[in-house]
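Student: Take this structure, written in structure tokens, and hold onto it; I'll ask about it next.
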Amino acid sequence: MIIYEVTAVVEARLAETYERYMREHHIPDVLASGCFQSAELTSATPGRYRIRYQASTEEDLERYFASHAARLRGDFASRFPEGVALSREVWTVMQQWDG
């Protein structure tokens, strides 16, 4: 399993608009690509968010990057040209425990 994680630091004046956009548009659009099994939107503190997308394989993630990422990132950038700082990481799940 592959985790694609995006961390966003959002200026306070944009937080409500950012949350609505992510919930109603961006995350559903990413999932509609068919490259991910699930997604989570979490917040640590006001204005700091983490979005975690779960892909079955590295090939699924590469397909997302090749076929969908540019369009979705462009839409995001057009809506938030400033005031949102993003970082991205890819993680490989080595083992998972369920309780």
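The values are calculated or read from the model by the stated rules, or taken from the named source; none is laboratory data. It should be emphasised that the depicted structure is a prediction, and the values quoted were computed from it without experimental measurement. Note that we place each Cβ from the backbone using ideal geometry, even for glycine, and neighbour counts take in every protein chain shown. With ligands, DNA and RNA removed, areas are computed over all heavy atoms of the protein, side chains included. Shrake-Rupley method; radii C 1.70, N 1.55, O 1.52, S 1.80 Å.
Student: Check each of the GluC sites (Glu not before Pro) in the range 1-87 and keep only those in coil by DSSP with at most 10 other C-beta atoms within 10 angstrom; list them in order.
Tutor: Glu82
Student: Any idea what the relative contact order of the chain is, in percent, if you count C-alpha pairs under 8 Å spaced at least 6 apart?
Tutor: Values: 133 pairs, mean separation 45.8, N = 99.
Worked out over the chain, it gives 46 percent.
Student: Tally Lys/Arg at +1 and Asp/Glu at -1 over every other residue whose Cβ is under 9 Å from the Cβ of Val90; what's the total?
Tutor: Residues near Val90 contribute -2 overall.
Student: For Gly47, list long-range residues whose amide hydrogen, built 1.01 Å from N in the peptide plane, is under 5 Å from its own amide hydrogen.
Tutor: For Gly47, no residues qualify.
Student: Now a separate question. Send over a whole-number figure in Å² for the accessible area per residue of the range 34-94, probe 1.4 Å.
Tutor: 64 Å²
Student: Just to confirm the number: angle between the C-alpha axis of helix 70-79 and the first principal axis of the chain, 0 to 90 degrees, nearest 10?
Tutor: Its long axis makes an angle of about 20 degrees.
Student: Along the principal axes of its C-alpha atoms, what lengths does the chain span, in descending order and rounded to whole Å?
Tutor: Extents along the principal axes: 39, 34, 21 Å.
Student: Got a sec to turn the phi values of the range 2-11 into Karplus ³J(HN,Hα) couplings, 6.51 cos²θ - 1.76 cosθ + 1.60 with θ = phi - 60°, whole Hz, x for Gly and Pro?
Tutor: Rounded to whole hertz, the list is 10, 10, 9, 10, 10, 10, 10, 10, 10, 4.
Student: Shifting gears a bit: In the chain, carbon and sulfur make up what percent of the accessible area (probe 1.4 Å)?
Tutor: Solvent-exposed carbon and sulfur of the chain make up 49 percent of the total.
Student: Taking the chain as a Gaussian network, Cα atoms linked when under 10 Å apart, which of Ala44, Ala69, Ala15 shows the biggest mean-square fluctuation?
Tutor: Among Ala44, Ala69, Ala15, the largest mean-square fluctuation in the Gaussian network model of the chain belongs to Ala44.
Student: Shifting gears a bit: Counting only other residues whose beta carbon sits under 10 Å from that of Leu14, what net charge do I get with K and R as +1, D and E as -1?
Tutor: My count for the surroundings of Leu14 gives -2.
Student: While we're here: Karplus couplings for the range 27-36 from phi (6.51 cos²θ - 1.76 cosθ + 1.60, θ = phi - 60°), rounded to Hz, Gly and Pro as x?
Tutor: 5, x, 5, 4, 5, 5, 5, x, 8, 10
Student: Can you compute 3J(HN,Hα) from phi for each residue in the range 83-91, using the Karplus curve 6.51 cos²θ - 1.76 cosθ + 1.60 with θ = phi - 60°, rounded to whole Hz and x for Gly and Pro?
Tutor: x, 10, 9, 10, 9, 10, 9, 10, 10
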